[in-house]
Structure formats: C-alpha cells, structure tokens
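Written below as structure tokens is the structure these notes are about.
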Amino acid sequence: MTPAGPRAGVPIGPRDSKGYRLFTGLNAGVLVLVCLVVLYPFITLLAQSFSSAGAIKAGLVNAVPVDFNIETYRAVTQDERFWTSYGNTVLYTVVGTVVAMILTTTFAYVISKQHLRGRNVLIGIAVFTMFFNGGIIPNYVLISSLGLKNTMWAVVLPGALSVFNLLVMKSFFENLPRELEEAAQLDGLGWFGIYVRIVLPLSKAVIATMVLFYSVAYWNDWFSAFLYLDKNELFPMSLYLRNLIAGASTTTAESAAAIGTTGAAISANIKAVTMVLAILPILVVYPFVQRHFVSGVMLGSVKG
C-alpha cells in the first residue's frame, strides 16, 4: 500500500512543512480581517442609505438595513442640483485628467533626458514646489487676476501637475531602453515622434496608474471649488456633498417636497445616499484600471 505522507527518501519542501502552512493560514486570516475592517464603513454607509431615518437616529443600523426604504434615493435623484453637480464633477474630472496627463508626460519625458541643458534646474524648480507654495491668499489673488474665478479652469489648472507623479513618471522614462529611441532616430523619427509612437505605448501601465491618481484627486476635490466658485450651477459633487454635510444646503427640504415627504423623514440618511452615489463611479471604474498595476511595466524588450 502506498503511504499517505510524502514518499520515502523524498525531502519535505518548504511548502510542505507545518510552519509554512501555519504562516499561510495566519496570513490569509489577517488579510481577511483587514479587508473586513476596510469594507465595514462602506457597508454600514450603504446600509444606512437604505434604512429609515428613525433607525439611523436610534443607532440600530450597522451592516444590515433596518426598515428598508428607497424614498431617499428617489428624493436625491429628483433634485436637479444633484445632477448638475454630478455633471460638473464628470466634466472637471475628464478635462482635468487629460490636461494633467499631457503636462505630466511631456514634462517628465523632457527632464528624463540626461543630455538636456538646464535639466537639473527644471527638476529643482519642480521639487521646490513640493515643499513651498504661495499659500491660499496669493493663489486666490492669482486666480482672480487671471480671470479664472467662476470658471472650470479655476478647478482644473491649480492641480494639473503633481510633482510626485512627475517624478515617478520621470524615473520610469529613464529606465526605458535607449536602444529603442536610437533605432527610431535611425528610421527618421524626431523626438516628438519617438515620444508618441515609442515611449507612450510602452508606458501604458504607469499612464493608467497616473490617470487613476489624477481622476480620483479631481473627483474628490472640493476645496478649489469652495475657494474659486460662487455659483451653485458650477459646484462639483464634492462641494455639493460638503454643503449638505455642513448643513448649508436646502436640498433636504426641497427634495422632500418633490416627493411629498417631510424633510425630517429623510434628513438622517440623505447624506448617506449622496455619499454612496458620489463614490459609485470610482468603485465601478477602479477594477478596470487596477489590473494595470500588476501587468508588466515593459510591453517590449531589446535584445543586445
């Protein structure tokens, strides 16, 4: 009869040992616990959005809805200002991310060239801005003097270039094989052609990562809009939600009137509903971008 354990004379590998199995089990248990801790606040928020105001006020809602209802979702989605701010957020995020990626990729590609004159000066100027800035008042005066106040560009341009993202992309470009660019130059391509046809296609992983960073930053940004926008029709979703949480919005009463419900009946969970609707697009888009984090950084290679 064949023995149940490892074959005689065959050494036990590290993955067959009890210590390895114990470590794997503990590691899996810790990761599951961390996931639960991270997901619990969102699950609770989702449960509150489907619960009654009385249950929320009484502290009865944890991870499961109590007195299930969707009246608040109806109230929020019938508010025109909600959809206006939602559309503004999408517009600011798309335009801001495109502008930021153009600035970041071009600047990073330029300063990644060792032979560029003044390269260290450009890098020094960029790094200097990471530690020192003019402050809120000078920035406000600058935006106002440029005529950008109460425009989309007041939200888009101040955060259009992240020095951290710039340095990460610069390091990536520096690690690209020089032989690729030299071969492209021999074929008659200029620097712009090399940048568009060689460098960018090989940088899909880092570009996808930067797109995620910039889009999440623009989607969640409310302070720029709070400073530079005075018109409600220009507010993004984040500022709409901030005003709602701060009690500076009459959305609760107006939304309740739209469905014939008193404001007090939905005031306790209208914030939860708005937050769920605000973060839903990021949760939907993130899995499609996240796969690039684990993909290969180089899509091609050079054999020497």
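Values in this text are rule-based calculations from the coordinates and carry no lab data. These numbers come from a predicted model, not from an experiment. Glycine also receives a Cβ, built like all others from the backbone with ideal geometry; neighbour counts cover every protein chain displayed.
If the cut-off is a Cα-Cα distance under 16 Å, which lysines reach residue 170, setting aside same-chain residues fewer than 8 apart in sequence? Excluding near neighbours in sequence, the set is 113, 204.
Taking the Cα centre of the range 73-293 as the origin and placing charges on Cβ (Lys, Arg +1; Asp, Glu -1), which of 134, 87, 237 is farthest toward the positive end of the dipole? With unit charges placed on the Cβ atoms, the residue in question is 134. Straight Cα distances below 20 angstrom link residue 149 to the lysines 231, with same-chain residues fewer than 8 positions distant left out. Compactness of the range 73-293 was expressed as the Cα radius of gyration divided by 2.2 N^0.38 Å, which yields 1.26.
If I take R0 = 41 Å and measure r between the Cβ atoms of residue 189 and residue 64 in this structure, what FRET efficiency does the formula 1/(1 + (r/R0)^6) give, to the nearest 0.05? Intermediate results must be reported in sequence, preceding the final value.
Working: r = 60 Å, r/R0 = 1.48.
Taking R0 as 41 Å, the efficiency between residue 189 and residue 64 is 0.10.
Relative contact order of the range 73-293, please, whole-number percent, based on alpha carbon pairs below 8 angstrom and at least 6 residues apart. All intermediate terms of the calculation are to be shown ahead of the outcome.
Values: 193 pairs, mean separation 79.2, N = 221.
After rounding, I find 36 percent.
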